[in-house]
Amino acid sequence: AAGFDSTSTLEFPPGFHFGSATAAFQIEGASHEDGREDSIWDAFCRVDGAVFSGHDGSVAADHYHRMPQDVALMAELGLDTYRFSTSWARIKPGDRELNPKGLDFYSRLVDELLENGISPWLTLYHWDLPQALGERGGWANRDTAYRFADYALEVFEHLKDRVVDWTTLNEPWCSSFLSHAGGEHAPGHTDPAEAVAAAHHLLLGHGLATEAMRESAGREHRLGITLNFTVADPADPANPGDVDAARRIDGSFNRVFLDPIFRGQYPEDVLGDMAEAGLAGHIRDNDLETIAAPIDVLGVNYYNGVLVAAGQDPQGSEQSLVFASGRGLPRRSPAVGSERVQNIDRPLPRTAMGWEVQPEGLERLLLRLQDQYTGPAGIPMVITENGAAYDDEPDESGFVDDSAGRLAFIDAHLRAVHRAMERGAEVRGYLVWSLLDNFEWAFGYDKRFGIVRVDYDTQARIPKASARWYAQVASSHRVPAWE
Ligand code: GBH
């Protein structure tokens, strides 16, 4: 792997989990079968210009109909953990009565996994809010937090006999700032005031759900949340403006969620940065106690870091943190309170998403979380997502040799995890994003993150070189030296 030290073989402890991750809307399809109703993403996909080429989730990787084969594939690859999400719109469509057929799909999935020796890791919310709740304001409406806790408890009651690992939310930063301020994700709004409301209500929903599930849980259950992290470094560490830019990005991406969850308070500087958007106005008595309900594990999603400098208000400029995805909807910076920050390009390799490949950022992130958050709380971390999109070029048989891209990326990040563990970070597992090529949100099927290729014409699954390599890693608990 060019640029990374990959010359040694690394051993992971025997109990370390190697698995993969997916999300309901990105792979299932069958969007109106067996009582599933619209989610905000089904509706967003119908908005002109919202998703690349008008792609939608109606078929996706057809996992709803191919679930047993997909589980068999994971077993063949020797993966011991599978992180999936349940679709709220399938289980409790439109916030009505429980839909038994929707729930039954996940019950069968769990059985299938257990029969194949794979531990289910269940995420309750990976962005597919029922559209009926979206129409009532979605996460900007405080009531959605209570509806989420109701739904979470119902799923928990039905599957807690077989599922040990529970995650409330996947990446609340995306469901608040990217969705309500950045305009990039459903519902595609560009209102900072709405985004801070959504962020607080997502945290509240997480706390309420955690409290409800804890009440009903046994000692074996592990409850947690998954956050996405952006590691921000100042372009010039001696320039106070650049240092402040990095502080703001850290605040508006990372600490705005970490501090309420682990310390029961929003950081003062973040409250200040988000004062204009009105963050503090949403906090009611006891909210922060609820949000700080103890958790058992922190899910860490890491893709990239950024180098930042003080800048002008980036509205409409090239220099903002707004991702250059080239679609037609109005956008603004998702980084509420950090608008006057500019992104500085580094001479680093990039993935097909344009994200810089910076494995060393993951090492520092894990050590920092261990030191400041999870360590003091006495809980471990699991990498619940890490992976990369590359422009795959299949041969005639559909095989993709991604050894110089995705495989090298995963190799380098596993090495970073290993270094962090050697230096004291308690990391219990690594779940690669993703098992299958899938619906990459606003990018539709144009970006492929799978270690297994999906041929969208035939729905054939073809393991890429990275999948074969990862299978070796999982079975040997070793990352082999690069040849
Ligand atoms: C995850 O989100 C999702 O959980 C998953 O569903 C998705 O398919 C997967 O990643 C791949 O996208 O450098 O400032 O431009 C990713 C969250 C947040 C990661 C924004 C990259 C870029 C920030 N992303 N981040 S910046």
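The values are calculated or read from the model by the stated rules, or taken from the named source; none is laboratory data. Source: prediction; values computed, not measured. Cβ atoms come from the backbone with ideal geometry, glycine included; neighbour counts cover every protein chain shown. Just the protein is used for accessible areas: all its heavy atoms, side chains included, with ligands, DNA and RNA removed. Shrake-Rupley method; radii C 1.70, N 1.55, O 1.52, S 1.80 Å.
Couple of notes before you dig in:
- Residue in the stretch 289-302 that is under 27 Å from P349 (Cβ atoms), of a type outside the set (D, E, K, R), under 23 Å from the mean Cα position of the chain (by Cα) and surrounded by fewer than 24 Cβ atoms within 10 Å (Cβ to Cβ) present: yes
- Every listed requirement among (1) touching a strand residue (DSSP E or B) at 6+ places or on another chain (Cβ under 7 Å); (2) open to solvent by less than 10 Å² (accessible area, probe 1.4 Å); (3) outside any helix (DSSP H, G or I); (4) within 16 Å of the ligand (Cβ to nearest atom) is met by G361 save one, (3).
- Within the stretch 421-440, the set of residues being in contact with a helix residue (DSSP H, G or I) (Cβ under 9 Å, 6 or more places away or on another chain) and under 21 Å from P13 (Cα atoms) comprises M421, R423, G424, A425, E426, V427, Y430, V432.
- Listed by first and then second residue, the pairs linking a residue in the stretch 445-457 that is within 11 Å of the ligand (Cβ to nearest atom) to a residue that is assigned to a strand (DSSP E or B), with Cβ atoms under 6 Å apart and 6 or more places separating them unless they lie on different chains, are F449/W433; G450/L436.
- One residue alone among R263, R248, R255 is under 25 Å from the mean Cα position of the chain (by Cα), under 16 Å from S338 (Cβ atoms) and open to solvent by 50 Å² or more (accessible area, probe 1.4 Å), and that residue is R248.
- Candidates F229, F257, F262, F253 - the one that is of a type in the set (F, W, Y) and not in a helix (DSSP H, G or I): F229
- Hits in the stretch 204-262 (condition: of a type in the set (D, E), touching a residue at least 24 places away in the same chain (Cβ under 8 Å) and either over 19 Å from I283 (Cβ atoms) or in contact with a His (Cβ under 6 Å, 6 or more places away or on another chain) (or both)): E220, D233, D236, D242, D244
- Residues satisfying the stated conditions in the stretch 45-80, i.e. open to solvent by less than 10 Å² (accessible area, probe 1.4 Å) and not aliphatic (A, V, I, L, M): G57, H63, D70
- The residue that is modelled with the highest pLDDT, among those in the stretch 297-330 that are closer than 23 Å to D48 by Cβ and within 12 Å of the ligand (Cβ to nearest atom), is S325.
- Unique residue being over 29 Å from L298 (Cβ atoms) and modelled with pLDDT of 95 or more when the list is D446, D411: D446
- Condition check for G272: of a type in the set (G, A, S), at pLDDT 95 or above, open to solvent by 30 Å² or more (accessible area, probe 1.4 Å) and more than 22 Å from the chain's Cα centre (by Cα): yes
- Tally of residues being part of a strand (DSSP E or B) and either within 24 Å of P380 (Cβ to Cβ) or without any contact (Cβ under 8 Å) to a residue 40 or more places away in the chain (or both) across the stretch 275-307: 9
- Of the residues making up the stretch 142-178, those that are more than 18 Å from L109 (Cβ to Cβ) and either of a type in the set (D, E, K, R) or without any contact (Cβ under 8 Å) to a residue 24 or more places away in the chain (or both) number 5.
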